[in-house]
Structure formats: structure tokens, C-alpha cells
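What follows is a single structure, written as C-alpha cells, with notes after it.
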């Protein structure tokens, strides 16, 4: 079978774990040149994307090695902290990782994207729904969803830019039953491959007419209308 991404240069932030790792493995199976940055020590570029200098060094290394970027996956997760506990500095850092870094990488690579290039931003279903005490993460995910269509407008005709909003994705391979599973129309909690499959599709020529879009992949969870007492649902207060 022909490899869709053979010799393509793919950059993934937060690629050492979970969704990012799954994406990296899938692209490598397609014989792409995968460049990962993550704070976790390992055989990739180790650094904190919340730091401007780190992004500049990473981008410089990618371009020195390959000269271009064909796919940029902005996946690294921001801090999850709420109104009661989140400090000014922590909130600012969450936005730096979740919004500023994707913007700045797009800027650093702007003149070096290959023909047919694609940016895929990983947002979250929290860009449209919330729990208490989730402000830093939710704000960052809402920000990257909006950044997506802004970048799509600025890069129109050169780079397609889309985002994915995952719902509940278990990155540790645990089994979830009962209400955890049944609250999804799909009858289960998601897994990283559910997201990685869409990342590869959006990066491919098959998605050539999809641009500036956000795709929610949540097993239908955000479409579930809930009334207390209906279908056995209850709220304990």
C-alpha cells in the first residue's frame, strides 16, 4: 500500500504521551520524518513550549534538518487549574502552552511550509462545555479553536488549518463501563487512535476541501441532552 506521508516532515508538540504519541507512531508507520517536542526526557527534542526561546531553537533544528514542514500538529496540553487554585502566572502559562505556542510555531514555520501543508490543532470538547474549576485548560482550548480559523484565513491557499476537539479520551488503556460508557452515544470512552485517525485524514489530500474547521470527536457525549430523572440520570447536590 502506498504511504501517504512517505518522506513528509511532521512536527508534533507533546508527542511523548497519549494522543501525541499515537499520532507520532501513525505517521512513522507511514514513513514520515517525525519531529517531536516534549518536556518528558527521551529521544526527541526536550523542551517546554511555553518558552519562546525553546520554540525558536526547536524550529531552527527542524528547518536545519529538513528545510520544510508538511504537517504541524499542536497537541501539547495546557495546565488544568481552576478559579480557586489557579494563579495569574499559572493561567498565563496555560495560555502560553495552549495558544501562544501554536501561534508562534505557525509564525516560525510560515515561510517554510511545503506544498499542500496542513496544521492540525488539538482543542477539546471543553471549548464548548465546562466543569467548575477548569478555567485555565478551558480558556486555552477555546483559544486554540478560535486561533484555528484565524490562521486558516491568514494562510489561505498555502496551508490548510483545522482543529479537533476530543471528548473523553482514555490514554491509559483502562476499561470504562456503566454510566461512563453509556453517556456516549457510541457506548464507550474514546482512545487515542480515535483522534490520530482524524489527524492523519485531515493532513492528507483526501481532506483537501476541509479548511478552518473544528471537528468534535466525542462519541456523541456533547450531543446528549440530559434532564434530571430522564433515562436514569440524576444529579446529586
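Some observations on this one:
- Criterion applied to 72, 55 was being touching a strand residue (DSSP E or B) at 6+ places or on another chain (Cβ under 8 Å), buried (at least 21 other Cβ atoms within 10 Å of the Cβ) and not in a loop (DSSP other than H, G, I, E, B), and the one residue passing it is 72.
- Number of the condition not met by residue 112 [criteria: (1) surrounded by 21 or more Cβ atoms within 10 Å (Cβ to Cβ); (2) closer than 23 Å to residue 208 by Cα]: (1)
- Condition met for residue 117 (assigned to a helix (DSSP H, G or I), more than 15 Å from the chain's Cα centre (by Cα) and within 15 Å of residue 211 (Cα to Cα)): no
- Within segment 8-48, the residues that satisfy the criterion of being in contact (Cβ under 8 Å) with a residue 40 or more places away in the chain and assigned to a strand (DSSP E or B) are 9, 10, 11, 12, 13.
- Residue match in segment 23-35 (condition: touching a strand residue (DSSP E or B) at 6+ places or on another chain (Cβ under 7 Å), under 18 Å from residue 140 (Cβ atoms), at pLDDT 95 or above and buried (at least 23 other Cβ atoms within 10 Å of the Cβ)): no
- Set 177, 143: member being surrounded by fewer than 22 Cβ atoms within 10 Å (Cβ to Cβ) and within 15 Å of the chain's Cα centre (by Cα): 143
- Every residue from segment 146-169 that is closer than 20 Å to residue 217 by Cα and surrounded by fewer than 19 Cβ atoms within 10 Å (Cβ to Cβ): 146, 149, 168
- Of all residues in segment 191-212, those satisfying the criterion of being farther than 21 Å from residue 146 by Cα and not in a helix (DSSP H, G or I) are 191, 204.
- Of all residues in segment 221-233, those that are more than 18 Å from residue 166 (Cα to Cα) and surrounded by 10 or more Cβ atoms within 10 Å (Cβ to Cβ) total 3.
- Neighbours by Cβ (under 6 Å, 6+ apart or cross-chain): first from segment 122-133, under 21 Å from residue 19 (Cα atoms); second in a loop (DSSP other than H, G, I, E, B): 122/75; 125/167; 125/218
- Boolean, residue 5 is farther than 24 Å from residue 197 by Cβ and in contact (Cβ under 8 Å) with a residue 12 or more places away in the chain: no
- Residues (in a helix (DSSP H, G or I) and without any contact (Cβ under 8 Å) to a residue 24 or more places away in the chain) located in segment 83-99: 88, 89, 92
The values are calculated or read from the model by the stated rules, or taken from the named source; none is laboratory data. Predicted model only: the values in this text are computed from it and were never measured. Virtual Cβ from ideal backbone geometry, glycine too; neighbours counted across all protein chains shown.
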